[in-house]
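The values are calculated or read from the model by the stated rules, or taken from the named source; none is laboratory data. For clarity, every value in this text was computed on a predicted model and none was experimentally measured. A quick note on method: Cβ atoms are made from the backbone with ideal geometry, for glycine too, and the neighbour counts reach across all protein chains shown.
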Amino acid sequence: MRIPGILNLDWKKLLAFFHRSSTKKVLGLTLFFCITILLLFSRISPQQVTLKPDEVAERDIQSNISAVVVDRVQTDELRRHAASKVQKVYQEDKYALDNTRNEINGFYAELNTIITSSQDKSEELEALLRAANQYPETMKPGFTYRELRQYLLNTDPEDLEKMHQTTLGIVDSLMDQPVTEEALPDLYSTAIVNIDSLAFAPQARDIMKMVSISSIKPSLVFNPEATEEARQEAMDDVKPVQKTIKVGEIIVHRGERVTPEQIDTLEQLGIQRSKSYPLTLVGAGIFVFITFWISIEFLRRYYRKVYENDALMILIALVFIIILGLTRFLTVIKLGDTPEINALSGYLAPVAAGSMLIAILLDNRLAYFLTMLMAIYVGMVTEGNQLFYAIAAFTGGTVGIFQVYRLNQTSDLARSGLYVALINIITIITLTLISGTFNINVLLVGCIIGAVNGITSAVLMIGALPYLETAFSITSMIKLLELSNPNHELLRRLLMEAPGTYHHSLMVANLAESAAEPIGANPLLVRVGAYYHDIGKVKRSDYFVENQRTFDNPHEKIAPALSSLIITSHVREGVELAREARIPQIIIDFIEQHHGTSLAKYFYSRALEEDREGNINENNFRYEGPKPQTKEVALVMLADSVEAAVKSLTEPSPDRIRNMVDRIIKDKLGDGQLESCDLTFKDLDIIARSFCQMLEGIYHKRIEYPEIIVKEFEKRREKHGGSDYKPAEQS
């Protein structure tokens, strides 16, 4: 029985698809992305309940932290009360009275024009009166347009002029004081009363009332923008009403109806899920995506080898996730009962541990970039003053990188924790002073936390380092320090079986290390590589001149080709010994490449002398290679050749040493041995000067003692009864 659709799958293609480097990167990044969002969102959205007003609580809901929350209901009530006390803001209209007088003058001028005209005046008069009638709805005029029209038709111009001037006088008296919109009804009533007391005909008084009411304007105009601004200032001046919630305090009791005030408190405590929950998730995802994109582009542009190495990418992600997870865990810890003390937990973020791990295992410049990124995430996953936590994390991580940049001994790792602790304390004190909220108790606790952070970061780094080294097959500076120990099995064997080669390796290490740092090479890697570069000579140590204790040279009894084979075989045999001892590949590269494809000139010359028929193939006298691929290996190659050559000089004066060094470097350059590494001509000049300075110090000129001193020396030697006595100057 076959299951269709499953057994018919091409499993080989499917497995090949998942084994692709691009597929692994996508799957790894997706997993890393999801874990990062979970860690980030665990801080941004830790709500456990979703309650609605008037809903009955199914259980007691209590606070798991001590915090100060704002009573928004009471605060809003106080703000509304403060806003209600703010008076309206008015703006003076300087032209209000002039506009009023102009309207009155215009009305009477048009009235005179109509009366004095020879046409039918009735309709025009009624239209003018209707237009002038602007009585408020609450005031009903006691006239008819027919009565007013009839009165005007029978009125003399002198009476109209009296009405005109009287109206102006009444309006002037009413608008002598500031007039607001709210005061207009009272002014209308006053105008009516004043006009009713005048000795005019009833129709004349009605016309004067109508004109006065329609022309009076407010001299103070309401300014809504200024009023709203004044109200807002009054509301802002009201300080929020705060209340302290203790750990374990019940906010909502089981069985009671939930009030809006309780929901607001739960939201501030992070227990109630906010309305913006989905938007927060989207924002967190976008933020993580942006930082991921920036990180990948940074690695792709500036650290191509790391970007193309899946294991190293996993290492970076693992360190990042561990540091972020520890930070999230540590920020949950409550340090005390007061919110001020609890807020300091953000300073516990062990970013320095991740920074030092990246610097030791990968690269210190890459560690700076990742430290900045981890510091940003520390600010995102912590609560309280997130900017301060990010700053402290960045400074601590940066100082940690400084301390592990060049390790000389394993104790430097422990010492790095002390420096991180010190900079943490200084940073916390500085940030506390900047905040302006100085509290000696909080400051002391902060300093203790900073010190604990530094020590803990060093402990984490030292504890994780060997496991990460083994898991990802990385040779760190710590591993190099272990390999440089003279008690290592290969070095002890080299010392016992090939002491001349051992001494030669020490000299090469000193020479190469002196020139390493000036050209940007790793001094520790150079030293360790030099220690092991000739390890293969332990197999046939007597065939190498530095180990020959007698004057018998075994090469004189065998053919040059066989001698060349024995000499060049120490490279292959050294690689075999190194792999048996599980020496890292980065050191094996020194063994393989320190001769490159150089020619064994001495034996090649002997072969040419013995060959009568010209059948000698030069390639048979060359090392298998490859040529040096890095600055460090090339430096050991040059130091190896220089040390052996200078030691062969009969009288190594400074000039002879310089000439020999220059000749060897030019020879290696001309033979193409340095074409695969990234040494520049400037680097070669620095190397030559460094070698000369070192060698001149070793092969300095001895003091020739006068004859009288020699005789005195002979007497003292006879007195001491032995030939081992020598002057202190020659010790």
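Applying the selection to segment 361-413, what residues are on the phi < 0 side of the Ramachandran plot and small (Gly, Ala, Ser)?
ALA367, ALA375, GLY379, ALA390, ALA392, ALA393, GLY396, GLY397, GLY400, SER411
So which pairs qualify, if the first residue must be in segment 453-473 and on the phi > 0 side of the Ramachandran plot, the second must be of a type in the set (S, T, N, Q) and part of a helix (DSSP H, G or I), the Cβ gap must be under 9 Å, and the two must be at least 6 apart or on different chains?
Within 9 Å, the pairs are SER473/GLN585.
Name the residues in segment 476-505 that are outside any loop (DSSP other than H, G, I, E, B) and small (Gly, Ala, Ser), would you?
GLY500, SER505 - these are the residues of segment 476-505 that are outside any loop (DSSP other than H, G, I, E, B) and small (Gly, Ala, Ser).
Can you pull out every residue in segment 130-145 that is surrounded by 11 or more Cβ atoms within 10 Å (Cβ to Cβ) and in a helix (DSSP H, G or I)?
ALA131, ALA132, TYR145
Taking the criterion of being in the same structural domain as LEU418 (by TED's automatic domain parsing), over 16 Å from the mean Cα position of the chain (by Cα), farther than 25 Å from ILE434 by Cα and assigned to a loop (DSSP other than H, G, I, E, B), would at least one residue in segment 318-327 satisfy it?
Looking for residues that are in the same structural domain as LEU418 (by TED's automatic domain parsing), over 16 Å from the mean Cα position of the chain (by Cα), farther than 25 Å from ILE434 by Cα and assigned to a loop (DSSP other than H, G, I, E, B), one finds none in segment 318-327, hence no.
Does segment 366-379 include one or more residues that are outside any helix (DSSP H, G or I), under 18 Å from the mean Cα position of the chain (by Cα) and either modelled with pLDDT under 90 or not assigned by TED's automatic domain parsing to the domain that holds ASN309 (or both)?
Within segment 366-379 (the criterion being outside any helix (DSSP H, G or I), under 18 Å from the mean Cα position of the chain (by Cα) and either modelled with pLDDT under 90 or not assigned by TED's automatic domain parsing to the domain that holds ASN309 (or both)), the answer is no, since none of the residues qualifies.
Here are THR427, THR395, THR382: which of them is within 25 Å of the chain's Cα centre (by Cα), touching a residue at least 60 places away in the same chain (Cβ under 8 Å) and more than 26 Å from ILE583 (Cβ to Cβ)?
THR382
Determine the pairs where a residue that is of a type in the set (D, E, K, R), located within segment 492-510, has a partner that is modelled with pLDDT under 90 with Cβ atoms under 6 Å apart, the partner being 6 or more residues away or on another chain.
GLU497/SER541
Return yes or no: is ALA607 closer than 30 Å to ILE686 by Cβ, among the hydrophobic types (A, V, I, L, M, F, W, C) and assigned to a helix (DSSP H, G or I)?
no
Just to check your reading of the model, which residue among ASN99, ASN112, ASN154, ASN194 is out of contact with any His (no Cβ under 8 Å at 6 or more places or on another chain), on the phi < 0 side of the Ramachandran plot and surrounded by 17 or more Cβ atoms within 10 Å (Cβ to Cβ)?
Matching residue, one of ASN99, ASN112, ASN154, ASN194: ASN194.
Checking VAL508 against (1) outside any helix (DSSP H, G or I); (2) modelled with pLDDT of 90 or more: exactly one of these is not met. Which one?
Status for VAL508: all satisfied but (1).
Table: residues versus (1) touching a Phe, Trp or Tyr at 6+ places or on another chain (Cβ under 8 Å); (2) closer than 30 Å to ALA317 by Cβ; (3) assigned by TED's automatic domain parsing to the domain that holds ASP412.
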{"position": "GLY463", "(1), (2), (3)": "no, yes, yes"}
{"position": "PRO486", "(1), (2), (3)": "no, no, no"}
{"position": "ARG493", "(1), (2), (3)": "no, no, no"}
{"position": "ALA498", "(1), (2), (3)": "yes, no, no"}
{"position": "TYR502", "(1), (2), (3)": "no, no, no"}
{"position": "LEU506", "(1), (2), (3)": "yes, no, no"}
{"position": "ALA512", "(1), (2), (3)": "no, no, no"}
{"position": "GLU517", "(1), (2), (3)": "no, no, no"}
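Out of curiosity, is SER641 farther than 24 Å from VAL575 by Cβ, in a helix (DSSP H, G or I) and either small (Gly, Ala, Ser) or not assigned by TED's automatic domain parsing to the domain that holds HIS555 (or both)?
no
Please indicate, with yes or no, whether at least one residue in segment 506-514 is of a type in the set (Asp, Glu), surrounded by 20 or more Cβ atoms within 10 Å (Cβ to Cβ) and under 22 Å from LYS479 (Cα atoms).
yes
Could you please find all residues in segment 413-431 being small (Gly, Ala, Ser) and over 16 Å from PRO350 (Cβ atoms)?
Passing the criteria: none in range.
Of all residues in segment 482-506 being aliphatic (A, V, I, L, M) and within 11 Å of ASN547 (Cβ to Cβ), which is farthest from the chain's Cα centre (by Cα)?
Only one residue tops the list, namely ALA498.
GLU225 is checked against (1) loosely packed, with under 15 Cβ neighbours inside 10 Å; (2) touching a strand residue (DSSP E or B) at 6+ places or on another chain (Cβ under 6 Å) and fails just one. What number does that condition carry?
Exception for GLU225: condition (2).
Could you please find all residues in segment 603-635 being among the hydroxyl-bearing types (Ser, Thr, Tyr) and surrounded by 15 or more Cβ atoms within 10 Å (Cβ to Cβ)?
Listed by number, the residues that qualify are TYR604, TYR623, THR630.
Got at least one residue in segment 260-268 being touching a helix residue (DSSP H, G or I) at 6+ places or on another chain (Cβ under 7 Å), more than 30 Å from VAL179 (Cα to Cα) and at pLDDT 90 or above?
no
Collect the residues in segment 549-571 that are of a type outside the set (A, V, I, L, M), exposed (fewer than 15 other Cβ atoms within 10 Å of the Cβ) and part of a helix (DSSP H, G or I), keeping them in residue-number order.
Scanning segment 549-571 gives PRO554, GLU556, LYS557.
How about segment 567-597: which of its residues are among the β-branched types (Val, Ile, Thr) and closer than 20 Å to LEU490 by Cα?
ILE567, THR568, VAL571, VAL575, ILE583, ILE586, ILE587, ILE588, ILE591
Pull up segment 157-176, narrow it to residues that are buried (at least 18 other Cβ atoms within 10 Å of the Cβ) and of a type in the set (S, T, N, Q), then point me to the one that is farthest from MET208 (Cα to Cα).
My answer is THR166.
So VAL179 clears everything in (1) in the same structural domain as THR100 (by TED's automatic domain parsing); (2) surrounded by fewer than 19 Cβ atoms within 10 Å (Cβ to Cβ) except one condition, right? Which one?
Among (1) in the same structural domain as THR100 (by TED's automatic domain parsing); (2) surrounded by fewer than 19 Cβ atoms within 10 Å (Cβ to Cβ), VAL179 violates only (2).
Output the helices (runs of 4 or more DSSP H) that fall wholly within segment 162-256 and possess 3 or more residues being over 60 Å from the mean Cα position of the chain (by Cα) and not acidic (Asp, Glu), or say none.
In segment 162-256, the matching helices (runs of 4 or more DSSP H) lie at 184-196, 202-215.
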